[in-house]
1. Bin by bin, in steps of 5 Å, what percent of the Cα pairs in segment 232-284 do you find, going until the bin that has the longest distance?
2. List the trypsin sites (Lys or Arg not before Pro) within segment 195-301 that fall in a DSSP loop (any state other than H, G, I, E or B) and whose Cβ has at most 12 other Cβ atoms within 10 Å.
3. Please go through segment 9-52 and write out the trypsin sites (Lys or Arg not before Pro) that DSSP classes as loop and that have at most 12 other C-beta atoms within 10 Å.
4. Mean residue ellipticity at 222 nm from the helices of the chain, using -39,500 (n - 2.57) per DSSP H segment of n ≥ 4 over the full residue count, to the nearest 500 deg cm²/dmol?
5. With the chain treated as a Gaussian network of Cα nodes joined by springs under 10 Å, which of Asp36, Asp211, Asp186 yields the largest mean-square fluctuation?
6. By how many degrees, 0 to 90 and rounded to 10, does the Cα axis of helix 249-259 deviate from the longest principal axis of the chain?
7. Mind checking which of Gly208, Gly40, Gly128 has the largest fluctuation in a GNM of the chain, springs on alpha carbons under 10 Å?
8. Among Pro156, Pro92, Pro142, which one shows the highest mean-square fluctuation when the chain is modelled as a Gaussian network with alpha-carbon springs under 10 Å?
Amino acid sequence: MYLQFLGTSAGVPTKQRNVSALALQESKGSDWYLIDCGEGTQHQLLHTSLSINTLKAIFITHVHGDHCYGLLGLLASAAMNGRKAPLQVIAPSGIAEWFAATQRYTALYIPYPLEFVLADDLPTLTFGNTQVSITPLSHRVPSYAYSFCEQQVESPLDIAKLQRDGIAKGPLWGQIKQGKDVTIGDTTVAASEYLLASRLPRKVVIAGDNDSPELLRTACQNAQLLVHEATYTQDVAEKVGDSVGHAYAGQVGQFAQECGLPNLLLTHFSPRYQAQAEVSPSVCDIGAEAQQSYQGQLWLAQDFARFQLSPEGELRLLSDGSGAKSAN
Ligand SMILES: [Zn+2]
Ligand SMILES: [Zn+2]
């Protein structure tokens with residue numbers, strides 16, 4: 001699985017950060033999902049290798065503009081680009097109505113099948129080998145987390161044992177890999193004898209705006225990664241009186257520690273936090289506050305930063321995104 005941030009700022013864009021959007025790509029093939037679509041997301045996409053034609057579904061966490069104002073432009077551009085493949089939009093109440101009104105008043109024609117799925121019904125959805133479940137959060141409007149979990153994990157073949165027992169590479173290996181017992185001569189051998197223990201399915205939880213991380217306790221079970229907002233540090237949250245609606249870094253760090261989450265990725269930073277460590281307040285303050293309670297791997301999202309979650313559940317930074325705009 002690959003993740004690429006397209007926007008990491010809370011509320012309004014800055015020169016360095018656009019508003020919320022995150023691409024999640026499957027390990028194989030070019031299918032990908034978009035979680036939130038702040039204004040300008042389609043412009044951000046132009047600086048990546050992601051194609052709007054291979055986008056499988058869009059998940060909107062909540063109706064605030066910094067998470068969805070880019071949706072209609074992106075859907076319209078997909079139409080202009082000749083998209084034919086169906087597209088699902090999973091979103092809270094209001095988004096489908098907003099789309100319908102815009103379509104009506106701006107003569108917007110969508111030539112591909114577009115289906116809206118109501119997140120408020122908490123459906124469990126399946127896309128290929130990925131199952132998506134939804135968790136309600138606490139914010140000023142209905143807000144949701146989307147958990148992406150691999151459904152089936154292939155057990156690797158015990159190649160050394162196959163070779164030792166003289167089972168030659170060929171169609172039999174394929175059948176064993178699928179868990180089918182095979183017959184060789186007069187003997188039937190159990191596939192399980194030649195399969196190594198399977199790994200845990202990969203699971204990534206991507207949360208919308210949320211002042212109560214503990215609501216994610218069940219969703220985070222067996223997850224390797226939580227992506228959560230950390231709009232403020234605690235002191236600033238108290239100063240601006242925004243403790244209802246948003247999380248502060250220490251709160252999320254403490255929750256992730258309690259859950260034993262191996263990886264925590266913080267995003268959705270208030271524009272007041274500067275990139276430079278020597279300027280106050282800095283995003284580094286957000287990281288430092290989370291690290292006071294969290295001992296796992298902590299990451300602070302940046303626009304265009306690209307991560308890989310390996311089959312073993314290890315998160316790696318592939319690119320910090322700093323060259324994305326100049327490279328294109
Ligand atoms: Zn927001
Ligand atoms: Zn919000």
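1. Taking every Cα pair in segment 232-284, the percentages come to 4, 19, 26, 23, 18, 9, 1.
2. Filter output for segment 195-301: Arg217.
3. Lys15, Lys28
4. Counting only the DSSP helices, I get -6000 deg cm²/dmol.
5. Asp186
6. That helix lies at roughly 20 degrees to the long axis.
7. Gly128
8. Sorting by GNM fluctuation, first place goes to Pro156.
Every read-out reported here was derived from the displayed coordinates using simple, explicitly stated rules and does not represent laboratory data. This one's a predicted model, so the numbers in the text were calculated from it and none came from an experiment. Don't worry about glycine lacking a Cβ; one is built from the backbone with ideal geometry, like all the others, and counts go over all protein chains shown.
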